[in-house]
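S.K.: My questions all concern the structure below.
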Amino acid sequence: MKIFLPFLAVAGIVILTGCASETAPQQSAKSVAVAQAVTPDTGFKSVLHKADTRGETRASWLIGKHSFSFNRYYDPDRMNFGLLRVLNDDWIAGGGAFPMHPHENMEIITIQLEGGLQHTDNNGGQGVIRENEVQVMSAGTGIRHSEANASPTEVCRLLQTWVFPNQMGLKPRYDQRRFDPAGRDNQWQVLASPEEGEALYIHQQAVYSRGAFDAGKTVKYPIRYAGNGVYAFVLEGQCTINGQPLERRDGFGVWETDAITVEATTDTELILIEVPMINQG
């Protein structure tokens, strides 16, 4: 699975040292992640990324799991899914922080899972993203920001994703919103889209959705924009998508179809990221 774009050479953030007030939980390190391609028998194409094949960045205050190549983790077969370039699953200890660093020409969507993340940028934007909140930052012509655990003692967990925008050189901007957890009970809750007023706005024909489904529930997700694919990331629980069994923190990308079907084996929560599939193999 490869994509060929003239602007794909976007470097990951260099992980900088920081301080932490507690020790990160013990997890097995994975220096090399292997993409597992799935051969479908129903006409669609797909790719499976099991949780334990992800890349990893580790520091005294940080455990970052990378579904795609990022920082010092590089796998040429895991550069992206369509226009989704980065999906990082980060654990940040109390007092941990990414110091000021730059971004440009990228839509950066952060989904806060636990605790709070303090954002400060060089355009005057600042605030704390808390559990059930989502932040969108359009890096555009260039922005510098820092991200820090808002607590000196409590753990912060988040997903951070990067999507290529539909225009280069946009004016940088920052926005965030809280989403009621009740809005995703056994249904899809839209977090970000290109439709004004629907959710957080992003400069791309992409849609972010979150759902929490009871065991035994079956639900469809129709592809909104023709030619798009969907990357599913299982936050908690076990489910099948188009017949593929998935577990906690697995990623599964599906394209060349007009819908996916999710069957919850246990109580399950997942994120869907629908993106254009430019030159997808």
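S.K.: What number goes with the only condition from (1) in contact with a strand residue (DSSP E or B) (Cβ under 6 Å, 6 or more places away or on another chain); (2) closer than 28 Å to Arg144 by Cβ that Ala264 does not pass?
M.R.: (2)
S.K.: Looking at Ala215, Ala264, Ala206, Ala182, can you tell me which residue is out of contact with any Ser or Thr (no Cβ under 9 Å at 6 or more places or on another chain), among the aliphatic types (A, V, I, L, M) and at negative phi?
M.R.: Exactly one of Ala215, Ala264, Ala206, Ala182 is out of contact with any Ser or Thr (no Cβ under 9 Å at 6 or more places or on another chain), among the aliphatic types (A, V, I, L, M) and at negative phi, namely Ala182.
S.K.: Still on this structure, I have one more. (1) surrounded by 22 or more Cβ atoms within 10 Å (Cβ to Cβ); (2) more than 20 Å from Glu236 (Cα to Cα): which one isn't true of Gln112, the others all being true?
M.R.: (2)
S.K.: Just checking, does the range 111-128 include any residue being out of contact with any Ser or Thr (no Cβ under 7 Å at 6 or more places or on another chain), under 21 Å from Tyr231 (Cβ atoms) and of a type outside the set (Val, Ile, Thr)?
M.R.: Within the range 111-128, one or more residues are out of contact with any Ser or Thr (no Cβ under 7 Å at 6 or more places or on another chain), under 21 Å from Tyr231 (Cβ atoms) and of a type outside the set (Val, Ile, Thr).
S.K.: Let me ask you something else. Of all residues in the range 249-264, how many are surrounded by 16 or more Cβ atoms within 10 Å (Cβ to Cβ) and either at pLDDT below 95 or part of a loop (DSSP other than H, G, I, E, B) (or both)?
M.R.: 3
S.K.: Of the conditions (1) more than 26 Å from Gln118 (Cα to Cα); (2) out of contact with any Leu (no Cβ under 8 Å at 6 or more places or on another chain), Trp188 fails just one. Which one is it?
M.R.: (2)
S.K.: Follow-up question, since we're still on this one. Which numbered condition in (1) closer than 29 Å to Glu247 by Cα; (2) touching a residue at least 24 places away in the same chain (Cβ under 8 Å); (3) not basic (Lys, Arg) is the only one that Phe68 fails?
M.R.: (2)
S.K.: I'd like to know if the range 136-151 contains one or more residues that are touching a strand residue (DSSP E or B) at 6+ places or on another chain (Cβ under 6 Å), at negative phi, in contact (Cβ under 8 Å) with a residue 24 or more places away in the chain and β-branched (Val, Ile, Thr).
M.R.: yes
S.K.: Still on this structure: Could you say whether any residue in the range 78-89 is at pLDDT 95 or above, surrounded by 19 or more Cβ atoms within 10 Å (Cβ to Cβ), touching a His at 6+ places or on another chain (Cβ under 6 Å) and closer than 21 Å to Arg178 by Cα?
M.R.: yes
S.K.: A further question follows. Where in the range 153-248 are the strands (runs of 3 or more DSSP E), entirely inside, with at least 3 residues that are within 17 Å of Glu274 (Cβ to Cβ) and either hydrophobic (A, V, I, L, M, F, W, C) or within 16 Å of the chain's Cα centre (by Cα) (or both)?
M.R.: Fully inside the range 153-248 and qualifying: 156-163, 188-193, 207-213, 228-236.
S.K.: Among the numbered criteria (1) out of contact with any Ser or Thr (no Cβ under 8 Å at 6 or more places or on another chain); (2) surrounded by fewer than 22 Cβ atoms within 10 Å (Cβ to Cβ); (3) not basic (Lys, Arg), which single criterion is violated by Ser138?
M.R.: (2)
The values are calculated or read from the model by the stated rules, or taken from the named source; none is laboratory data. Fair warning: this is a prediction, and the values are worked out from it, not measured in the lab. Every residue, glycine among them, receives a Cβ derived from its backbone with ideal geometry; neighbour counts consider all protein chains shown.
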